[in-house]
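Take a look at the structure set out below.
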Amino acid sequence: MKILIVGSGGREHAVVDALAQSPEVRKIYAAPGNGGICEQAELVSIDANDLDGLARFATVERIDLTFVGPEMPLGNGIVDAFRKRGHTIVGPTADQARLESSKIFAKRFFKQNGIPTAEFAEASTLAEAHDVLERSKYPIVIKADGLAAGKGVVIAENPVDAHRTVQQFVESRTLGEAGSRLVIEEFLEGEEASFHVFADGRYFQPMVAAQDHKRRFDADTGPNTGGMGAYSVDTILSKRQQDTILSRIIKPTLEAAESYSGILYAGLMLTAEGPKLLEYNVRFGDPETQVILSRLKTNLLDVLIDTAEHRLPSRKLDWTPDAAATVVLVSRGYPGKVETGKQVFGLEEAKRIEGVKVYHAGTRCEDGKVYTAGGRVLNVTARGSTLAEALERAYFVAQMIKFEGKDYRKDIGKKGLAKQR
Ligand code: AMP
Ligand code: GLY
């Protein structure tokens with residue numbers, strides 16, 4: 001089979017690595033890929049958002065199966081464009097992807113379907129927003145309606161910060177059109193969890209739970225990022241929490257979002273009143289994918305084919321009881337402006353460490369050397385029979401790899417370890 005992977009992050013590297021284990025896979029292309037993916041796939045220099053270019057490539061190369069990593073092409077209709085040309089692609093249509101691409105659409109959907117979520121109000125003018133803020137309790141959460149690459153959610157501690165944020169979003173349009181309409185919602189307290197399912201349009205299969213670390217610095221301080229690390233271990237959710245998530249969140253969603261297929265990722269807050277849905281993503285999480293796929297024993301290609309062909313009920317997913325952890329190595333300055341082009345050392349040595357894989361994110365390869373090319377550079381991912389062992393291995397390699405300006409959080413998985421004590 002010939003496979004096309006759309007995207008260029010650590011998530012896509014983990015998917016490519018899992019698919020490369022399949023004997024049926026003859027060739028993998030990645031558009032545009034990165035400096036690590038190129039070891040297992042041929043890089044194609046087509047932007048992940050160039051839908052026509054990608055569809056033409058799939059036709060010319062007779063691609064058998066396409067998998068899309070990021071939300072933007074899904075929100076823009078890559079699945080519709082590929083299906084129109086008769087290509088097999090795993091993912092939701094643009095209409096279905098509104099669960100992620102419009103927060104207003106998503107919140108209305110949660111409400112209509114009785115899904116537990118934070119109380120909220122909508123606002124599409126500055127006056128409306130100010131009116132809501134006058135009546136609110138603090139802290140309050142302000143969300144831009146559209147896709148904003150992780151910059152669209154602000155937790156305001158007081159009215160002054162809240163008014164300033166809505167002013168920036170609605171009037172100064174700091175996020176462009178994405179911030180022209182808002183969701184203003186209740187602040188929920190608790191631990192977060194990421195829960196993914198494969199959905200085939202009729203049925204679904206749950207994956208193991210994971211926990212992301214969104215804030216830039218230790219002890220969950222500093223700005224929000226794309227994700228600084230993740231872990232997956234069976235103790236993230238109790239049986240009861242898992243049952244609630246399936247029966248009150250995932251099932252009603254897939255019944256209402258008719259024929260949804262692809263990956264559905266629920267971002268949850270585990271509150272004292274039970275799990276509540278913060279948001280849906282219509283794709284795999286990054287860096288959650290790196291830990292989730294590390295625990296998947298079933299061949300990923302088979303699961304993706306079943307997802308595309310409505311055959312998930314007959315597929316049982318096998319997971320290792322092992323724990324997995326990933327530590328994201330970032331460039332100094334992330335999530336702000338970063339310097340790129342620094343050479344990365346230690347990658348060959350890291351390959352020799354048992355139980356560890358280094359997935360590339362913002363890297364590029366030139367003359368056999370790897371250079372940094374973005375904010376999130378590498379995802380050191382390790383498995384272990386316990387979470388402590390997985391973390392120890394990941395941190396050992398995180399230290400071993402060198403590039404100028406390297407930084408990472410030192411407390412990935414700490415909450416998971418505390419829970420096990
Ligand atoms: P979202 O893109 O909606 O997942 O929001 C990004 C992050 O903001 C989440 O992962 C949470 O850490 C935080 N967040 C979003 N909504 C809420 C809320 N209602 N209460 C507390 N934190 C939230
Ligand atoms: N790790 C968060 C996300 O992928 O949205």
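The values are calculated or read from the model by the stated rules, or taken from the named source; none is laboratory data. Worth saying up front: this structure is predicted, and the values here are computed from it rather than measured. Positions of Cβ are generated from backbone atoms using ideal geometry, with glycine treated the same way; all protein chains shown enter the neighbour counts.
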Over segment 173-182, the set of residues touching a Gly at 6+ places or on another chain (Cβ under 9 Å) and away from ligand 1 (no atom under 16 Å from the Cβ) is R173, G176, E177, S180
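Only one of V160, V183, V197 is buried (at least 17 other Cβ atoms within 10 Å of the Cβ) and either more than 16 Å from ligand 2 (Cβ to nearest atom) or under 13 Å from K107 (Cβ atoms) (or both). Can you tell me which?
Numbers: V160 fails: buried (at least 17 other Cβ atoms within 10 Å of the Cβ); V197 fails: either more than 16 Å from ligand 2 (Cβ to nearest atom) or under 13 Å from K107 (Cβ atoms) (or both).
Sole residue among the options that is buried (at least 17 other Cβ atoms within 10 Å of the Cβ) and either more than 16 Å from ligand 2 (Cβ to nearest atom) or under 13 Å from K107 (Cβ atoms) (or both): V183.
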Return yes when V303 is in a helix (DSSP H, G or I) and surrounded by 18 or more Cβ atoms within 10 Å (Cβ to Cβ) and no when it is not. yes
The condition of being crowded, with 18+ Cβ neighbours inside 10 Å and modelled with pLDDT of 95 or more holds, among A324, A257, A272, only for A324
For segment 62-78, give me the residue count where each residue is within 16 Å of ligand 1 (Cβ to nearest atom) and part of a helix (DSSP H, G or I). 4
Taking the stated definitions as given, is S261 away from ligand 1 (no atom under 12 Å from the Cβ), over 27 Å from A382 (Cβ atoms) and touching a residue at least 24 places away in the same chain (Cβ under 8 Å)? yes
Within segment 146-170, how many residues turn out to be within 14 Å of ligand 1 (Cβ to nearest atom), more than 26 Å from the chain's Cα centre (by Cα) and closer than 26 Å to A97 by Cα? 0
Among the candidates A58, A81, which residue alone is closer than 23 Å to A18 by Cα, away from ligand 2 (no atom under 16 Å from the Cβ) and either free of Cβ contacts under 8 Å to residues at least 60 places away in the same chain or not in a loop (DSSP other than H, G, I, E, B) (or both)? A58
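Does segment 200-208 include one or more residues that are among the hydrophobic types (A, V, I, L, M, F, W, C), away from ligand 1 (no atom under 13 Å from the Cβ) and within 17 Å of K415 (Cβ to Cβ)? Before the answer, list the steps.
Let us first name the residues in segment 200-208 that are among the hydrophobic types (A, V, I, L, M, F, W, C), namely 204, 207-208.
Filter again for away from ligand 1 (no atom under 13 Å from the Cβ), leaving 204, 207-208.
This time we only want the ones that are within 17 Å of K415 (Cβ to Cβ), so: 208.
There is at least one residue in segment 200-208 that is among the hydrophobic types (A, V, I, L, M, F, W, C), away from ligand 1 (no atom under 13 Å from the Cβ) and within 17 Å of K415 (Cβ to Cβ).
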Considering (1) surrounded by fewer than 19 Cβ atoms within 10 Å (Cβ to Cβ); (2) within 23 Å of the chain's Cα centre (by Cα); (3) more than 16 Å from ligand 2 (Cβ to nearest atom), say which one L126 fails and leave the rest. (2)
Would you check which residues across segment 133-155 are closer than 14 Å to V170 by Cβ and small (G, A, S) and list them? A144, G146, A148, G152
Any idea which of R295, R283 is among the basic types (K, R) and closer than 24 Å to K239 by Cα? R295
Looking across segment 230-254 at residues that are closer than 30 Å to A382 by Cα and β-branched (V, I, T), the single one that is surrounded by the fewest Cβ atoms within 10 Å (Cβ to Cβ) is T235
What is the residue count in segment 210-253 for residues that are within 16 Å of ligand 1 (Cβ to nearest atom), of a type in the set (G, A, S) and either within 16 Å of D286 (Cβ to Cβ) or touching a residue at least 60 places away in the same chain (Cβ under 8 Å) (or both)? 6
Considering (1) at positive phi; (2) at pLDDT below 95, say which one S101 fails and leave the rest. (1)
Here is a list of conditions, (1) at pLDDT 95 or above; (2) closer than 30 Å to G10 by Cα; (3) aliphatic (A, V, I, L, M); (4) within 12 Å of ligand 1 (Cβ to nearest atom), and V197 meets all of them except one; can you say which number that is? (4)
Filtered residues of segment 131-150 (kept if out of contact with any Gly (no Cβ under 7 Å at 6 or more places or on another chain) and surrounded by fewer than 17 Cβ atoms within 10 Å (Cβ to Cβ)): D131, E134, R135, K137, Y138, P139, A149
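Being within 16 Å of ligand 2 (Cβ to nearest atom) and either of a type in the set (K, R) or part of a loop (DSSP other than H, G, I, E, B) (or both) is the requirement here; does R240 meet it?
On the way: within 16 Å of ligand 2 (Cβ to nearest atom): no; either of a type in the set (K, R) or part of a loop (DSSP other than H, G, I, E, B) (or both): yes.
Against the criterion (within 16 Å of ligand 2 (Cβ to nearest atom) and either of a type in the set (K, R) or part of a loop (DSSP other than H, G, I, E, B) (or both)), R240 does not qualify.
Identify, from the list S259, S247, the residue that is farther than 21 Å from S22 by Cβ and either assigned to a loop (DSSP other than H, G, I, E, B) or among the aromatic types (F, W, Y) (or both).
Numbers: S247 fails: either assigned to a loop (DSSP other than H, G, I, E, B) or among the aromatic types (F, W, Y) (or both).
Of the residues listed, the single one that is farther than 21 Å from S22 by Cβ and either assigned to a loop (DSSP other than H, G, I, E, B) or among the aromatic types (F, W, Y) (or both) is S259.
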